1. What is region 36-81 by shape, rounded, prolate or oblate, if you read a ≥ b ≥ c off the alpha carbon gyration tensor as root eigenvalues and call it rounded for a/c under 1.5, prolate for a/b larger than b/c, and oblate otherwise?
2. Roughly how many Å² of T25 are accessible to a 1.4 Å probe, to the nearest 10?
Amino acid sequence: MGATAKQKVDLSKYSRELTEFEEQTLFELFQGKKNLVIAHDTGHAVSTVKHAVYEICNKLGASNRIECVQMAIAQGVLHSR
C-alpha cells in the first residue's frame, strides 16, 4: 500500500483530535513505513512513534496499525486525489 505523489491526507474530520505529529505519523503509516523509519524521518524516538500509533488507533477506533490505515481510508481521512 505505497503512497504516490497523488496521495493526499484529508484530516479535517479529525483536526481537533489528531495532533500534528499524529497526522504526520498516520500519513507515514499509509505509506507503509515501520516505526523505526518514521522515527528516523521525523526525528522522534521510536517510543514516541509507537505512542502516536496507539493514540491514532484509539481515536479512529482501530485495533492495529493496518486497521488504522484501512479505517482512515474508509472514513475519508486518507484518499487519492
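The values are calculated or read from the model by the stated rules, or taken from the named source; none is laboratory data. Here the structure is a predicted model, which means the values were calculated and not measured. Side chains included, ligands, DNA and RNA excluded: accessible areas come from the protein's heavy atoms. Shrake-Rupley method; radii C 1.70, N 1.55, O 1.52, S 1.80 Å.
1. Working: a/c = 2.89, a/b = 1.57, b/c = 1.84.
Cα axes put region 36-81 in the oblate bin.
2. Roughly 0 Å² of T25 is accessible to a 1.4 Å probe.
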